[in-house]
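Peer 1: First the structure, then my questions, so here it is.
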Amino acid sequence: MSQRVEAPKVDHCNCFALRKASRQISRFYDAQLQPTGLRITQFLTLAILNEIGATPIMDLADRLDIEKTAMGKMVNTLERDGLVGMHRSPTDGRSRIVTLTDAGRALFNQAVPLWHQAQNAFAAVNDIGAIAALRPGFVLKTAPKTTAPQPA
């Protein structure tokens, strides 16, 4: 006889709550950045390039925690729009290096005040102290893996 399992309530799922909040916050930032035509992920990509300079596309994906294929598509769009340039790595021909173009830097600089407005608006309606305290803990920390019981 099988045991009755209590069905989970979706609203009690930590993953669901964080995914929902993440999507809502992304939409909020996208709306704030809309005058520039950038989405928050594109803005953050330009911000990283502005901060550290030319970098391999895989490093960008790792830094933003974006799937490598999604990062590649986004960088291709940014390149098409003239915001970034790409070239092969001189040390590893398989690796592509991404650079911020002058047009990309100009658009990034135009978007920065809008990003600051989004940050301030977000802080005005949220407990920014609590958000700041949570930020370091957002890195995935899970319990040690356990082996699922095997059916008899």
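Peer 1: Can you tell which of Arg19, Arg39 is open to solvent by 70 Å² or more (accessible area, probe 1.4 Å) and modelled with pLDDT under 95? Quick ask: steps written out before the conclusion?
Peer 2: Numbers: Arg39 fails: modelled with pLDDT under 95.
None of the other options fit; the residue is Arg19.
Peer 1: When you look at Thr77, is it out of contact with any Asp or Glu (no Cβ under 9 Å at 6 or more places or on another chain), farther than 24 Å from Ser22 by Cα and open to solvent by less than 50 Å² (accessible area, probe 1.4 Å), yes or no? Break it down into steps so the answer makes sense when it comes.
Peer 2: Details: out of contact with any Asp or Glu (no Cβ under 9 Å at 6 or more places or on another chain): yes; farther than 24 Å from Ser22 by Cα: no; open to solvent by less than 50 Å² (accessible area, probe 1.4 Å): yes.
In short, no.
Peer 1: Only one of these conditions is not met by Ile48: (1) out of contact with any Lys or Arg (no Cβ under 9 Å at 6 or more places or on another chain); (2) assigned to a helix (DSSP H, G or I); (3) closer than 27 Å to Pro90 by Cβ; (4) without any contact (Cβ under 8 Å) to a residue 60 or more places away in the chain. Which number is it?
Peer 2: Checking Ile48 against (1) out of contact with any Lys or Arg (no Cβ under 9 Å at 6 or more places or on another chain); (2) assigned to a helix (DSSP H, G or I); (3) closer than 27 Å to Pro90 by Cβ; (4) without any contact (Cβ under 8 Å) to a residue 60 or more places away in the chain, the one that fails is (1).
Peer 1: Here's a check for you: in the stretch 94-113, which residue that is part of a loop (DSSP other than H, G, I, E, B) and open to solvent by less than 60 Å² (accessible area, probe 1.4 Å) is nearest to Asn50 (Cα to Cα)? Show your work before the answer.
Peer 2: Filtering the stretch 94-113 for residues part of a loop (DSSP other than H, G, I, E, B) gives 94-95, 101.
Filter once more, keeping what is open to solvent by less than 60 Å² (accessible area, probe 1.4 Å): 95, 101.
Values: Ser95: 20, Thr101: 10 Å.
Ranking the candidates gives Thr101 first.
Peer 1: Hey, could you check the stretch 22-36 for residues that are touching a residue at least 40 places away in the same chain (Cβ under 8 Å) and either open to solvent by less than 60 Å² (accessible area, probe 1.4 Å) or among the small types (Gly, Ala, Ser) (or both) and say which is farthest from Gly72 (Cα to Cα)? Break it down into steps so the answer makes sense when it comes.
Peer 2: Step one: filter the stretch 22-36 for residues touching a residue at least 40 places away in the same chain (Cβ under 8 Å), giving 25, 28-29, 32-33, 35-36.
When the remaining residues are screened for being either open to solvent by less than 60 Å² (accessible area, probe 1.4 Å) or among the small types (Gly, Ala, Ser) (or both), the result is 29, 32-33, 36.
On the way: Tyr29: 22, Gln32: 25, Leu33: 22, Thr36: 21 Å.
Selected residue: Gln32.
Peer 1: Also, I was wondering about something else. With the structure loaded, tell me whether Gly72 is open to solvent by less than 80 Å² (accessible area, probe 1.4 Å) and at positive phi or whether it fails that test.
Peer 2: Numbers: open to solvent by less than 80 Å² (accessible area, probe 1.4 Å): yes; at positive phi: no.
Answer is no for this residue.
Peer 1: Would you confirm whether any residue within the stretch 77-93 is part of a helix (DSSP H, G or I) and touching a strand residue (DSSP E or B) at 6+ places or on another chain (Cβ under 6 Å)? Step through it out loud before you land on a result.
Peer 2: Filtering the stretch 77-93 down to residues part of a helix (DSSP H, G or I) leaves 77-80.
So of that shortlist, the ones also touching a strand residue (DSSP E or B) at 6+ places or on another chain (Cβ under 6 Å) come out as 78-79.
For the stretch 77-93, residues part of a helix (DSSP H, G or I) and touching a strand residue (DSSP E or B) at 6+ places or on another chain (Cβ under 6 Å): present.
Peer 1: Turning to a different aspect of this structure: Would it be correct to say that Met58 is surrounded by 11 or more Cβ atoms within 10 Å (Cβ to Cβ), assigned to a strand (DSSP E or B), of a type outside the set (Gly, Ala, Ser) and without any contact (Cβ under 8 Å) to a residue 40 or more places away in the chain? Walk me through it before giving the result.
Peer 2: Numbers: surrounded by 11 or more Cβ atoms within 10 Å (Cβ to Cβ): yes; assigned to a strand (DSSP E or B): no; of a type outside the set (Gly, Ala, Ser): yes; without any contact (Cβ under 8 Å) to a residue 40 or more places away in the chain: yes.
The answer is no for Met58.
Peer 1: Please name all residue pairs, on different chains or six or more residues apart, with Cβ atoms under 9 Å, provided the first residue is in the stretch 122-149 and is closer than 30 Å to Gln32 by Cβ and open to solvent by 100 Å² or more (accessible area, probe 1.4 Å) and the second residue is part of a helix (DSSP H, G or I) and at pLDDT 75 or above.
Peer 2: Phe138/Leu18
Peer 1: What's the number of the condition Asp11 fails, among (1) among the charged types (D, E, K, R); (2) open to solvent by 100 Å² or more (accessible area, probe 1.4 Å); (3) modelled with pLDDT of 95 or more?
Peer 2: (3)
Peer 1: Return yes or no: is Leu18 closer than 14 Å to Gly104 by Cβ and either over 14 Å from the mean Cα position of the chain (by Cα) or assigned to a helix (DSSP H, G or I) (or both)? Give the steps one after another, and end with the answer.
Peer 2: On the way: closer than 14 Å to Gly104 by Cβ: no; either over 14 Å from the mean Cα position of the chain (by Cα) or assigned to a helix (DSSP H, G or I) (or both): yes.
No: the conditions fail for Leu18.
The values are calculated or read from the model by the stated rules, or taken from the named source; none is laboratory data. Computed from a predicted model, the values in this text were never measured in an experiment. Here the Cβ is made from the backbone with ideal geometry for all residues, glycine too, and neighbour counts use every protein chain on show. Surface accessibility is based on the protein's heavy atoms, side chains included, excluding ligands, DNA and RNA. Shrake-Rupley method; radii C 1.70, N 1.55, O 1.52, S 1.80 Å.
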